[in-house]
1. How much accessible area per residue does the range 1-42 have, in Å², with a 1.4 Å probe?
2. In what sequence, highest mean first, do 15-21, 1-7 appear when ranked by Cβ atoms within 10 angstrom?
3. Using only the alpha-carbon atoms of the range 2-61 as identical scatterers, what base-10 log of I(q)/I(0) does the Debye formula give at q = 0.27 Å⁻¹?
4. Could you look at the range 2-61 and say what percent of its accessible area is carbon and sulfur, using a 1.4 Å probe and all protein chains?
Amino acid sequence: MRIVVDLNRCQGYAQCVPLAPQVLRLLGEEALAYDPNPDDVHRRRILRAAASCPVQAILVEAHTPDEPEPAP
């Protein structure tokens, strides 16, 4: 899983933080810090956190490992 937070869009409402505190945290009063590659065990919490964002600044992507390169 990979998450991306559009920090230009984020307004620091922090409604997401208590829903996924292992992945999202507030630095100071408005700066959001986050783990861009959290463990899948946090998936449900992260999806709820993303849904709670009033400005939809959190994007959750499925992470797929890179496919190996073909042998020459």
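The values are calculated or read from the model by the stated rules, or taken from the named source; none is laboratory data. Please read all numbers here as calculations on a predicted model, not as lab measurements. Note: ideal-geometry Cβ built from the backbone for every residue, glycine included; neighbour counts use all protein chains shown. SASA here: full protein model, heavy atoms, side chains in, ligands and nucleic acids out. Shrake-Rupley method; radii C 1.70, N 1.55, O 1.52, S 1.80 Å.
1. Working: 2780 Å² over 42 residues.
I get 66 Å² per residue for this part.
2. Values: 15-21: 17.6, 1-7: 15.1.
Highest-to-lowest ranking by the protection proxy: 15-21, 1-7.
3. Log-scaled intensity ratios, in q order: -1.21.
4. Values: 1860 of 3950 Å².
Carbon and sulfur atoms account for 47 percent of the accessible area of the range 2-61.
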